[in-house]
Number of protein chains: 2
Amino acid sequence: MALTFPRGFRAGTAACGIKAFTAGASAIPSGQRDDLCVIHSSRLCDTGGVFTTNKIKAASVVIDQLHLQHNRVQALTITSGNANACTGAQGFKDALQIAKLSADRLDLDPDQVLVSSTGVIGRYLPMDAIKPGIAEACGKLSDEGGAAAARAIMTTDLAPKTAELELELAGATIRLGGMCKGSGMIHPNMATMLAYVTTDAAVEPGLMGKLVKSIADRSFNQVTVDGDSSTNDTFLMLANGAAGNQPIRSGTLEAEQLEMALLEVAQQLARAIARDGEGATKLITVKVTDAFSDADARLAARAVAASSLVKTAIHGGDPNWGRIVCALGYSGAELALDKLHLTVGGEVVFAHGAGVDVDLSAVRHAFEQPEIEIVATLGLADGRAEAWGCDLSEEYVRINADYTT
Amino acid sequence: MALTFPRGFRAGTAACGIKAFTAGASAIPSGQRDDLCVIHSSRLCDTGGVFTTNKIKAASVVIDQLHLQHNRVQALTITSGNANACTGAQGFKDALQIAKLSADRLDLDPDQVLVSSTGVIGRYLPMDAIKPGIAEACGKLSDEGGAAAARAIMTTDLAPKTAELELELAGATIRLGGMCKGSGMIHPNMATMLAYVTTDAAVEPGLMGKLVKSIADRSFNQVTVDGDSSTNDTFLMLANGAAGNQPIRSGTLEAEQLEMALLEVAQQLARAIARDGEGATKLITVKVTDAFSDADARLAARAVAASSLVKTAIHGGDPNWGRIVCALGYSGAELALDKLHLTVGGEVVFAHGAGVDVDLSAVRHAFEQPEIEIVATLGLADGRAEAWGCDLSEEYVRINADYTT
């Protein structure tokens, strides 16, 4: 049930035909799937969010940043099929209108509603189709609605992406649920990633905001690349307190445990994004250890997971480990070739400053598995990180060569 | 005749079977093409070079950086099929051995020879095959040899890439010749780019070194991306003075004119690289004007030319200009959406902060041409730059999925 797994959250969906109307259709095509969802919490949420670093931000991102300042969020409305980005003043009006229409139906103020959109850039939202959709989704709110919501936010994603977790904490059973969308990516440039994590933990106000950036850095930012983010990228964490525990305070052991649980959910979602990359057939996990710092390890892991040449080599089952070493070299991380130790699928391929005389067929075998682990030990200090990617296939090109048409 | 178009430069080539021997062959395959070339100047050259920013540098790059300190270069020996990168101490010995063998044949000191390699990373050079090749190439030196040299440095390049220019300067007729290789790139990560420009201009010692970085920034670095450079990237400019002009001094009008001529040759080569990208069918030229600075303009132009999503859209003839705006947004350049003006193939697609109600079929028609010009006017100051790229096709994936095999 994902987002509705934690108590107090309900979800409803509707099929508005947003993509079809955006492209100029005059009626919803038959068989149109849900493309709008509303998430509602019975209680005020403590909410943290991080958004795209792109200088061009979709209207929904700007609106959310404003609404988050009041930290009294109680609902999300998400649409897929049109990004409402580069749409000028009309785009802001439309995003605000979505918040207001949702708030009216849910008896909230507009600043209690966050909005997200994903899809084609540069077209106005088909508001005539969205208005009745909001009404329908609000009318169908259910604590079973999370699964349908995860499907409603998909664009080119092949499968919905959700994660759930339950733990005992602060004298109560705490639940967490997450959903995301974010295909469109061999990795980076510009595929929108939307991700949401709900929990019924009670927390002191502001805790979610304190944790959200660090969790994004260790999960979603290791699949996408921060600097290459789309106009709409959004990651929100909402805690509504329905579990009834003593509010968890920043700096306590409980806060650390909650952070680990949130991170686990976020990493599960991040891996699901990598696995479901457009045209992907393999999940690539890159682990970097003994780096100069955690930040360096993140750079290094991400460079390898994001390299087009590593991706294509892995797709072809080609044991071209030189491309991995080369990506580490341009990642920006500190690197000493004579200290580098590199394994692919458990086989040592590089050590002591040069390639190891390895059984190439074993490396090739590793590359042919559906999940491939690359471990780079940099031998410098104790920084560590993981990143996730997928291989790059001909199918990726086919999907993206013909996206709006 | 490219590199041998300027007077005093000769070139010779040989077929050594470097790629075949690297992969374990026991004899040169029949029909093996030339994969080694030697360029020789009858006079000492003033030489400038810029090299990869990758922390992992091929042996040849390190050797060249050392040899350039003496600035008395008179020959280049270039091999293709094996990068001699990540090869430890043996790699350095082999690169030095190539310089020494060439120097012996040409009656030079080893530090008067620069060496370059390109190809697979992590394998030792087949020196037994290279040694007789150096002798053969040195024995065949000819002032007609430049065209064969341009073919000998190719790896996955579909065509040799050369440029020539002649101008009257400082009372003499000055000639310039250039050659490069550098496919393997939808754009950035890690395809080796080797580029060389020769001129018979007489210059004061050190002038080539002063100019080379700025010329690379406005040519080759606008096709590749600096931070994503391979282990072997090299750009060298050699001036041997055979034209007999008064030596051109830094800071004079003549130096500016020579710089413009060198830049023109370098940009012709850079465009040839983009046009010949692996699997490319279209050349994309991105012009950015009115940026906050030239450096900002370079960032912005490069981000658009390098975006996988822009490339695939253009490959598919898909008028998805939102992806261009988005790439500008994450480029790092200063950007104000309300001042941005964007044309694709001459059609205005974005202005005044929002998409223009454009004839989509006209944009689509522009995208379907073999050469596509994207012009972004940022409206901030007077910075300007160009970058070049190619579309991303299924063929790119096929080439790179199976490179070493």
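Taking the fewest neighbouring Cβ atoms within 10 Å as the starting point, the ordered list for A:Met260, B:Met127 is A:Met260, B:Met127. Mind checking which of A:His365, B:Ile174, B:Ala201 is farthest towards the positive end of the protein assembly as shown's charge dipole, using Cβ charges of +1 (Lys, Arg) and -1 (Asp, Glu) about the Cα centre? Most positive-ward Cα: A:His365.
Between B:Gly146, B:Gly24, B:Gly182, the GNM of chain B built on Cα springs shorter than 10 angstrom shows B:Gly24 fluctuating the most.
Put simply, the amide H of B:Ser116, placed in the peptide plane, has neighbours under 5 Å in B:Thr77, B:Ile78, B:Thr79, leaving out anything fewer than 5 places away on its chain.
Taken one residue at a time, the phi angles of the stretch A:152-168 give Karplus couplings (6.51, -1.76, 1.60, θ = phi - 60°) of 5, 8, 5, 10, 8, 3, 7, 8, x, 10, 9, 8, 9, 7, 10, 8, 8 Hz. Gly and Pro are set to x. Pairs exceeding 26 Å between alpha-carbon atoms, taken from A:Lys19/A:Lys131; B:Lys57/B:Lys100; A:Lys57/A:Lys282; A:Lys55/A:Lys93: A:Lys57/A:Lys282. With respect to chain A, whose longest principal axis is taken over its alpha-carbon atoms, helix A:59-68 is tilted by about 80°. Rg over Rh for the stretch A:12-104 works out to 0.99, both radii taken from alpha-carbon positions and Rh defined as the Kirkwood radius.
With a cut-off of 19 Å on the backbone N, the residues of the stretch A:328-362 near the modelled label site 7 Å out from A:Asp217 along Cα-Cβ are A:331-334. The amide H of A:Val349, built 1.01 Å from its N in the peptide plane, has A:Leu342, A:Thr343, A:Val344 as neighbours under 5 Å, considering only residues 5 or more places off or on other chains. Applied to the stretch B:130-138, the Karplus parametrisation 6.51 cos²θ - 1.76 cosθ + 1.60 on θ = phi - 60° returns per-residue 3J(HN,Hα) values of 6, 3, x, x, 4, 4, 5, 5, 5 Hz, with x for Gly and Pro. In terms of surrounding Cβ atoms within a 10 Å radius of their Cβ, B:Leu335, B:Leu380 rank from fewest to most as B:Leu380, B:Leu335. When only alpha carbons are used to place a centre, the stretch B:306-346 and the stretch B:250-289 end up 22 Å from one another.
Considering the stretch A:283-400 at the alpha-carbon level, its Rg and Dmax are found to be 13.5, 43 Å.
Within the stretch B:2-275, DSSP assigns beta bridges of which about 70% are antiparallel (rounded to the nearest 5). Sequentially through the stretch B:296-309, phi angles give Karplus couplings (6.51, -1.76, 1.60; θ = phi - 60°) of 4, 4, 5, 4, 5, 5, 5, 4, 5, 5, 9, 5, 4, 6 Hz, Gly and Pro residues having no value and appearing as x. For the protein assembly as shown, the pair-distance distribution built from all alpha carbon pairs, in bins 20 Å wide starting at 0, is 16, 44, 29, 10, 0 percent. Note on the protein assembly as shown: with charges restricted to the Cβ of Lys and Arg (+1) and Asp and Glu (-1), its dipole about the Cα centre is near 100 debye. Cβ-to-Cβ counts within 10 Å put B:His315, A:His70, B:His40 in ascending order as A:His70, B:His40, B:His315, the fewest first.
Against the compact-protein benchmark of 2.2 N^0.38 Å, the Cα-based radius of gyration of chain B scales to 1.00. Simple point charges give the picture: +1 on the Cβ of Lys and Arg, -1 on the Cβ of Asp and Glu, and for the stretch B:231-370 a dipole about the Cα centre of about 260 debye. Connecting C-alpha atoms closer than 10 Å in a GNM of chain B, tell me which of B:Gly177, B:Gly353, B:Gly317 has the biggest fluctuation. Greatest mean-square fluctuation among the candidates belongs to B:Gly353. First measure r as the distance between the Cβ atoms of B:Ile28 and A:Lys140, then evaluate 1/(1 + (r/R0)^6) with R0 = 60 Å and state the FRET efficiency to the nearest 0.05. Taking R0 as 60 Å, the efficiency between B:Ile28 and A:Lys140 is 0.25. Ranking B:Asn245, B:Thr77, B:Gly322 by how far each Cα lies toward the positive end of the dipole of chain B (charges on Cβ) leaves B:Thr77 at the top. Relative intensity of the stretch B:113-182 on a log10 scale, I(q)/I(0) at q = 0.18, 0.29 Å⁻¹, equals -0.92, -1.33, per a Debye sum over C-alpha point scatterers of equal strength in the absence of solvent.
Only the coordinates and a few stated rules stand behind these numbers; no lab work does. Source: prediction; values computed, not measured. Glycine also receives a Cβ, built like all others from the backbone with ideal geometry; neighbour counts cover every protein chain displayed.
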